[in-house]
Amino acid sequence: MKNWKCTLLMACLFFFVNLEFARGEGEAGYGGVIRTAETSAEPEEFEEDFYYVEEGLADPLEPVNRVFFVFNDRLYFWLLKPVATGYKRVVPEKARVGLKNFFTNLAFPLRFVNCLLQAKGKGALEELESFVLNSIGGMAGFFDIAGAAGVRKYDEDLDQSLAVFGLGPGFYINWPLFGPSTLRATFGSVGEAFLDPVHYLDSSGARFVFKSSDLVNSTSLHIGDYESLKRAALDPYVALRDAYYQNRLKKIQE
């Protein structure tokens, strides 16, 4: 009963905050607020309370978010990148790509369920086909034989499903360790834990090994991307925030 009450309270909080940030004219279907000289009756007073990404994502926690951005930035350069770089030197690229394929195949339930939630029947069928082919013929997914055969993967998650249901992003949050997110995506991540097979491993040590291995392996395949974004940006914090939100909008609209 206690867990049920907590869940209800969190849900009410989410809908209340989302409703508040969805007021006014914004992007249809996403709840983002876009304030311009034409649409805002009192722009000066409004802007005193909130910061906004140009496309409409609210950033009322910007001072705190910037602190966490610095924390994550240093964590990347001081810990994650050195570990991933050393790992990259030891493990051949083909093996790292194979491990990436394995983790992608393991996340099949997340993509499959969200295809169903978004009424993407073809996507659900292709995800199922890909999972069966790669699990059986691709050595548990290390070899993406389904992709080679032209079977598409659908990068769907609960954040996108909630957006399709009409829930807005709420506002931007830069979590320590986890990085860029929104209020909606944060709630989505909590729900996604129950669709992750790793979540059901008996040992917390095993869960840590799986998650950390996935993170280090993925980072080793993308070293330089974050550095390029920082070099090209006048304000890396804003650049990361905008890039994250634009990427999310693109995925939702696909």
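Summary of computed values
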read-out	value
Boolean, P180 is in contact with a strand residue (DSSP E or B) (Cβ under 6 Å, 6 or more places away or on another chain) and touching a residue at least 60 places away in the same chain (Cβ under 8 Å)	yes
Any helices (runs of 4 or more DSSP H) falling wholly within the stretch 68-172 and containing at least 3 residues that are crowded, with 19+ Cβ neighbours inside 10 Å and within 17 Å of the chain's Cα centre (by Cα)	108-117, 158-164
First in the stretch 96-109 and over 19 Å from I223 (Cβ atoms), second anywhere and part of a helix (DSSP H, G or I), Cβ under 7 Å, 6 or more apart	N105/F131; N105/N134; N105/S135; L106/P197; F108/E127; F108/F131; P109/L195; P109/P197
Checking Q160 against (1) in contact with a helix residue (DSSP H, G or I) (Cβ under 6 Å, 6 or more places away or on another chain); (2) of a type outside the set (D, E); (3) without any contact (Cβ under 8 Å) to a residue 60 or more places away in the chain; (4) more than 16 Å from D214 (Cβ to Cβ), the condition it does not meet	(3)
Qualifying residue in the stretch 210-230 (condition: under 30 Å from A119 (Cα atoms), surrounded by 14 or more Cβ atoms within 10 Å (Cβ to Cβ) and touching a residue at least 24 places away in the same chain (Cβ under 8 Å))	yes
Matching residues in the stretch 201-215 - criterion: being touching a Lys or Arg at 6+ places or on another chain (Cβ under 9 Å) and assigned to a helix (DSSP H, G or I)	D214
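Each value in this text was obtained by applying a stated rule to the coordinates, not by laboratory testing. Since we're looking at a predicted model, the values are computed, not measured. Note: ideal-geometry Cβ built from the backbone for every residue, glycine included; neighbour counts use all protein chains shown.
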